[in-house]
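The structure appears right after this line, and notes come after that.
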Amino acid sequence: MYSIDLLDGTSIPWLGWGNGSGDASKTAIESGTRALHAGIHHIDTAQLYKNEAETGEAIKKVGLKREDVYVTSKISTDDDGNPVPLDSVRSSVEGSLQRLGFVPDLYLIHNPFVAASGELKGLWSALEQLKSEGKLKSIGVSNFRPQDLEAILDGAKYKPVVNQLEYHPYVLSHLEPVLSLQAKHGIVTEAFGPLTPVIRHPTGGPLKPVLDRIAQRLSKSTGKKIDVAAVLLLWTRAQNVVAVTTSGNPDRIKWLGEVAHLPDLLEQSEIDEITKIGKGVHFRHYTEHMEKDFPLPNLPDGVDKS
Ligand SMILES: NC(=O)c1ccc[n+]([C@@H]2O[C@H](COP(=O)([O-])OP(=O)(O)OC[C@H]3O[C@@H](n4cnc5c(N)ncnc54)[C@H](OP(=O)(O)O)[C@@H]3O)[C@@H](O)[C@H]2O)c1
């Protein structure tokens, strides 16, 4: 599978299967095993998903060597959203490693509220320390706004290699400040919710006819049934962004395995068209703090109200 280079000299497979949402989260061993068999050797988990142990179990069950699967986990708040006290970070991370049964390739701060107010830099320093000791490999962040990134970048020993956030064409304009800061520092974007325009937007918005047309063209030219989800994932890869998607449906998992290994099928004009249309709409699924102290663009949501 094509991989994206990270600033610490490692690389990450461009498409990951997550066990944090939908049916996949309830069937982490069964669906995780299917995803690995389908050729998606990249699993995204987190403390919050309560299936780090199942992640390790799925890899064992398939019999793949540890180094043949890229695994991400995250330090999370507790179920009530309480932050992790700084003096508990080490034991919290060790808990992840124990449940997984190994050191994950990438370990993220799940969101800026894993740290108590004013302690984000301290939390990042604790992960840096664990990395320096060889107890963690790559380290990064998730759901960070520009101000969250700036708080940890100031005097950092290691920059976060990724910021995992909701990313798809309909949040491009909103994300512009965070994406430009990441570009400046070489921080790779990891997309969750990449299929939002086709599975969560109530009508699909102005991208729908364009994605349909491209999917039809590709189905004709490849002789495979290329769907709009595949088009969006290929667009994500064309942005040099890692796509973390998921499915608990056996047929769709198999298809995602095929998509993971598709060549670059999109024409540059199609990539640009999706980007341009996406930038004219604002539609976000995962809101939470991403709409707090992070100005929204003055754009329509793309829902035709006529
Ligand atoms: N860091 C964070 O805060 C955060 C937040 C959210 C998610 N994540 C990670 O990202 C992963 C994916 O998140 P997401 O669910 O938002 O991703 P998504 O890719 O936008 O949506 C995945 C959903 O799309 C459906 N799907 C998959 N392939 C499809 C296809 N070909 N056609 C139509 N529908 C299809 C699946 O439903 P079926 O199961 O029915 O196939 C699945 O529930 C999570 O599991 C988690 O690991 C991280």
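Nothing in this text is a laboratory measurement; each read-out follows from the coordinates by a stated rule. Keep in mind it's a predicted model, so treat the numbers as computed, not measured. Note that each Cβ is placed from the backbone with ideal geometry, even for glycine, and that neighbours are counted across all protein chains shown.
Of all aspartates and glutamates in the structure, the ones whose alpha carbon falls short of 18 Å from that of Lys50, not counting any fewer than 8 places away in one chain, are Asp23, Glu30, Asp78, Asp79, Asp80, Glu94.
For the residue pairs Lys65/Lys220; Lys26/Lys60; Lys276/Lys305; Lys74/Lys292; Lys65/Lys137; Lys225/Lys276, alpha carbon separations beyond 29 Å are given by Lys65/Lys220.
Pairwise inverse Cα distances across the chain, averaged and inverted, put the Kirkwood hydrodynamic radius at 19.7 Å.
Counting other Cβ atoms within 10 Å as a rough exposure proxy, the listed residues Tyr167, Tyr70 run Tyr70, Tyr167 from fewest neighbours to most. Loop-located GluC sites (Glu not before Pro) in the stretch 82-163 (DSSP state not H, G, I, E or B) with no more than 10 neighbouring Cβ atoms inside 10 Å: Glu133. Ranked for footprinting exposure by Cβ neighbours inside 10 Å, fewest first, Ser306, Ser138 give Ser306, Ser138. Each of Thr77, Thr45 was scored by other Cβ atoms within 10 Å of its Cβ. Arranged with the fewest first, they read Thr77, Thr45.
Karplus-derived 3J(HN,Hα) values for the stretch 202-212, using 6.51 cos²θ - 1.76 cosθ + 1.60 with θ = phi - 60°, are x, 10, x, x, x, 6, 3, x, 6, 5, 4 Hz; glycine and proline are entered as x. The string of couplings for the stretch 271-283 from the Karplus curve (6.51, -1.76, 1.60, θ = phi - 60°) is 4, 5, 5, 4, 4, 4, 5, x, 5, x, 10, 10, 9 Hz, one whole number per residue in order, with x for Gly and Pro.
Based on DSSP H segments of at least four residues, each scored -39500 (n - 2.57), the chain has a per-residue ellipticity at 222 nm of -12500 deg cm²/dmol.
The value of relative contact order for the stretch 3-291, using C-alpha pairs under 8 Å at least six residues apart, is 21 percent.
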